[in-house]
1. Run through all the Cα pairs of the chain and give the fraction in each 20 Å bin from 0, expressed as whole percent.
2. Given the pairs Lys168/Lys379; Lys103/Lys364; Lys209/Lys319; Lys103/Lys168; Lys89/Lys168, which are separated by over 20 angstrom at their Cα positions?
3. Rounded to the nearest 0.05, what FRET efficiency do Lys379 and Asn122 have when you use their Cβ-Cβ distance and R0 = 22 Å?
4. Kindly identify region 327-380 as rounded, prolate or oblate by the Cα gyration tensor criterion: order the square roots of the eigenvalues as a ≥ b ≥ c, call it rounded if a/c is under 1.5, otherwise compare a/b with b/c, prolate if a/b is larger, else oblate.
5. Only residues of region 125-152 count here: report those whose backbone N is under 13 Å from the spot 7 Å along Cα→Cβ of Gln199, or say none.
6. By how many nm would the segment from Met243 to Arg225 lengthen if fully extended, with 0.36 nm per residue of separation less the alpha-carbon distance?
7. Roughly how many percent of the accessible protein surface of the chain is carbon and sulfur, given a 1.4 Å probe and a whole-percent answer?
8. What does the accessible area per residue of region 1-102 come to in Å², with a 1.4 Å probe and no ligands, DNA or RNA counted?
Amino acid sequence: MAPIDLSNVPLADNHCHGIYQTQAPADLTAWRRLFTESSDPGMQSTHVATTLFYLRLIREMATFFECEPTEEAVLAARQQHDDQSLVSKFLQAANFEVLFVDKGYPPPELLLSDTMVSDLANCRVAPILRVELLMQRLIAENGTLSAVVEALRTALNDVRGQGYVALKSIVAYRTGLDIRTWDIDDIEEAFAMARREVQEWGSIRLAHKPLLDTLLHVTFAEAARQQLPVQFHTGYGDTDADMLLANPLHLRAVLERREYRAMPVVLLHESYPYTQQGAYLATVYENVYFDLSYGIPYLGYHEMLEFTRAALSVAPFSKLLYSSDAVGVPEIHWISALNGRNILGQVLGECVTHGDLRSTEAEKAGVAVLHDNAMRLYKS
Ligand SMILES: [Zn+2]
């Protein structure tokens, strides 16, 4: 079962985050914490170091630095580099053509600028606008619901003109993917509550379901008009997310709306553990695309193989998009690139062995998932 060699395909990482200016972690826990979504102290300090994802990362980093395959040796070798050369070394080794960057997290003051990342990685950076942050700002700035709706329409009037290639929503983290339409009384009540929070705290965390759902419908109408892709966090995340409501099948009400069909929908993080359900949606709705993230959710090799097999077996490969979902340190962008190319190559090799694909088709599928599909979808 010979794997398909994808090692030279330049990557379009369709969902990742910014990179910290300061790379040296304060201590061992600060480093390990980068590789878990848990906020529990014992998870961050101890248990994360026994995940397969972490242990593989340490071993691969040891090969990269040509040092002993231990955590101590790898971190010591990492410390030898200044921040920018470390970032540059890993990102260039991963060979990106474009990084599609969610600008909503982490806070920009901690991060390298897009221009800097672009220079260090020798690739393009294409920004993505996180809509909940925009909504929160507009609610803080406007005293009436109709003023917020109008301000949101104006802000989203020409998203590409502002330099963004897509929108991203984290509604799965806030109130769930079952986005509904609400009576005006419910919306006004939620808005009044949000405004009271603004007056008390100066800002809000938008988790008022009737209000957030309503503003998302405004967003979808604008996205559909501009044929602009919207990425949705689905599945796996920190405990902020109620995982039951992060199942992408909850998007049915949105996906069924004819007027939104011009809006491409990208289901992030292979909807893990709802991979088959998410991939299924990409087979029945023309506008649904499915993201295969090899960084977060921090899985071992076997489970990465499984989700890749499931996605390729269920959905057309024209709907699948590679990503890392990497945050903060360049090692996650890099290890995801390594794992993603290898695993996809292995699974496509299996498809040839089992007679699903001819080897030329398998190569084409590999390039499509790692590069071509994202370039076409985001018009980059
Ligand atoms: Zn993300």
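1. The distribution over the chain is 28, 58, 14, 0, given as percents.
2. Details: Lys168/Lys379 16 Å; Lys103/Lys364 31 Å; Lys209/Lys319 30 Å; Lys103/Lys168 9 Å; Lys89/Lys168 29 Å.
Check vs 20 Å cut-off fails for Lys103/Lys364; Lys209/Lys319; Lys89/Lys168.
3. Numbers: r = 22 Å, r/R0 = 0.99.
FRET efficiency, Lys379 to Asn122: 0.50.
4. Details: a/c = 4.23, a/b = 1.47, b/c = 2.87.
Cα axes put region 327-380 in the oblate bin.
5. It comes to 143-144, nothing else.
6. Numbers: separation 18, 0.36 × 18 = 6.48 nm, distance 3.08 nm.
Stretched fully, the Met243-Arg225 segment lengthens by 3.4 nm.
7. Details: 8100 of 15960 Å².
The nonpolar share, carbon plus sulfur, comes to 51 percent.
8. Details: 4880 Å² over 102 residues.
With the other protein chains kept in place, region 1-102 gives 48 Å² per residue.
The values are calculated or read from the model by the stated rules, or taken from the named source; none is laboratory data. Worth saying up front: this structure is predicted, and the values here are computed from it rather than measured. A quick note on method: Cβ atoms are made from the backbone with ideal geometry, for glycine too, and the neighbour counts reach across all protein chains shown. Quick note on the areas: whole protein, heavy atoms, side chains included, nothing else; ligands and nucleic acids left out. Shrake-Rupley method; radii C 1.70, N 1.55, O 1.52, S 1.80 Å.
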